[in-house]
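Report on the structure given below.
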Amino acid sequence: MNAVSQKVEAMREAMREAMRPVRTLLLAALLFASSQAFGQVFPAKPVRVIVPWPPGAPLDVMVRALASELTPRWGQPVIVDNRAGAASIIGADAVAKSPADGYTWMATPINPTLVGNRFLYKSLPYDPDRSFAPISLFAQSSQVMVVHASVPAATVKDLVALARQQPGKLNYGSYGAGSQPHLLFELFKQRERLDIAHVPYKGIAPLIAAAAAGEVQVTAGSTGSVGELVKAGKLKALAVAGPERARELPGVPTALEAGYPYLQASARFGLFAPAGTPPDLIRQIHRDVVAVLSAPGFAERHIHALGYQRVGSSPDELAAAIREETSLVGEMARAANVQPE
């Protein structure tokens, strides 16, 4: 290498040494900017929880209480957006089509939104198994099988015996084809070979009123809807169609304890995000939701007071609950000869 080349190479090396601190600063700046863009603390803007049912129902009341506690915890508004209609299909479809960024969730009973609708409708605008990412099952309440006070039955076994003695004389009420009481009692009829007529009503409230008045002899409802009527002596509770006894009616056995383990019907409320939401966001949302549910006094004021039990499950446990209920409701739908529309 001649003298000129050596001099040029020496100048280049000097320039590289001079630029090294600058490059280090630039790299640090880029890394900082990247961390701000992609590692930003969640949430950085308001969060929307779509409830695909009308306002005022127990689900809506619970979700609003949850949102009011998450708002100060996160420093961002958590807004409840009621999108009622078409058995929750309208609201569920809106969530399924929302960006998977953690800023839109759905709060709904897993049945019918994720379970029953698949048996009631030939096609849905969302896929119950693939359109949503489970966050947490946050509350549940088992259905209680009840009879009017005038019915001479104190247990499920008594009701079976009475129905066999008087075929076609008893009737049960539901709030429409595909509703939990409809599916529950059709399976009951099939398994026990009973002749009990079905009387559908247009909603839970008129059904419970009809049961209390003796217009129908048999039905099922949550402890929130039938508990006070049982305590007042207008209805008699035969069994809890769920995995454990109800807090409000501790003397009423479960269907399993009564000898009818297949009688299972629960209202289970879950939180969901659109499919594809990053797992780290799901974990954070789940952690903070469970923290609120576990806070002293929250469940007693906002969940137990409505006749429900606090859950706070993991995402995997919620997914398992959906699979379990889908299998159970599928059997009920076949027993009730439910035809998709």
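The values are calculated or read from the model by the stated rules, or taken from the named source; none is laboratory data. Note that the coordinates shown come from a computational prediction; the quantities given were computed from them, not determined experimentally. When we count neighbours, we look across all protein chains shown, and the Cβ atoms used for this are built from the backbone with ideal geometry, even at glycine.
Brief remarks on what is shown
- Residue that is under 16 Å from the mean Cα position of the chain (by Cα) and part of a helix (DSSP H, G or I), where the choices are ALA87, ALA133: ALA87
- Taken as a whole, the structure places PRO181 among residues that are crowded, with 17+ Cβ neighbours inside 10 Å, outside the structural domain of ILE282 (by TED's automatic domain parsing) and in contact with a Ser or Thr (Cβ under 7 Å, 6 or more places away or on another chain).
- In the range 293-316, the residues that are loosely packed, with under 14 Cβ neighbours inside 10 Å and among the charged types (D, E, K, R): GLU300, ARG301, ASP316
- Within the range 192-245, being more than 20 Å from PRO261 (Cα to Cα) and among the hydroxyl-bearing types (Ser, Thr, Tyr) holds for TYR201, SER225.
- Residues of the range 45-84 that are buried (at least 18 other Cβ atoms within 10 Å of the Cβ), charged (D, E, K, R) and in a loop (DSSP other than H, G, I, E, B): ARG83 alone.
- Just so you know, in the range 91-132 the residues that are touching a Ser or Thr at 6+ places or on another chain (Cβ under 9 Å) and among the polar types (S, T, N, Q) include one that is farthest from VAL47 (Cα to Cα), and it is ASN117.
- Criterion violated by LEU162 - all others in (1) more than 30 Å from VAL51 (Cβ to Cβ); (2) in contact with a strand residue (DSSP E or B) (Cβ under 8 Å, 6 or more places away or on another chain) satisfied: (2)
- Residue within the range 145-159 that is among the β-branched types (Val, Ile, Thr), in a strand (DSSP E or B) and in the same structural domain as ALA87 (by TED's automatic domain parsing) present: no
- Test for ALA319: is it among the hydrophobic types (A, V, I, L, M, F, W, C) and under 13 Å from GLN140 (Cβ atoms): no
- Conditions (1) of a type in the set (S, T, N, Q); (2) under 15 Å from GLN140 (Cα atoms); (3) surrounded by fewer than 19 Cβ atoms within 10 Å (Cβ to Cβ); number of the one not met by GLN284: (2)
- Qualifying residue in the range 193-203 (condition: outside the structural domain of ALA275 (by TED's automatic domain parsing) and under 26 Å from ARG323 (Cα atoms)): no
- Among residues of the range 148-178 being buried (at least 23 other Cβ atoms within 10 Å of the Cβ) and of a type in the set (Gly, Ala, Ser), the one that is modelled with the lowest pLDDT is GLY178.
- Within the option set GLY116, GLY102, GLY85, GLY56, being more than 24 Å from THR326 (Cα to Cα) and modelled with pLDDT under 95 holds for one residue only, GLY56.
- The selection criterion, being more than 18 Å from HIS304 (Cβ to Cβ), in contact with a strand residue (DSSP E or B) (Cβ under 6 Å, 6 or more places away or on another chain), surrounded by fewer than 21 Cβ atoms within 10 Å (Cβ to Cβ) and among the hydrophobic types (A, V, I, L, M, F, W, C), holds for ALA258.
- Filter result for ALA319 (in contact with a helix residue (DSSP H, G or I) (Cβ under 8 Å, 6 or more places away or on another chain), aliphatic (A, V, I, L, M) and either in the same structural domain as ILE89 (by TED's automatic domain parsing) or within 24 Å of PRO99 (Cβ to Cβ) (or both)): no
- Among the residues of the range 204-228, those identified as free of Cβ contacts under 8 Å to residues at least 40 places away in the same chain and either surrounded by 18 or more Cβ atoms within 10 Å (Cβ to Cβ) or closer than 16 Å to PHE185 by Cβ (or both) are ILE204, LEU207, ILE208, ALA210.
- Considering residues of the range 41-85 that are touching a residue at least 40 places away in the same chain (Cβ under 8 Å) and not hydrophobic (A, V, I, L, M, F, W, C) only, the residue nearest to SER141 (Cα to Cα): PRO58
- Residue within the range 106-120 that is assigned to a loop (DSSP other than H, G, I, E, B) and farther than 27 Å from VAL290 by Cα present: no
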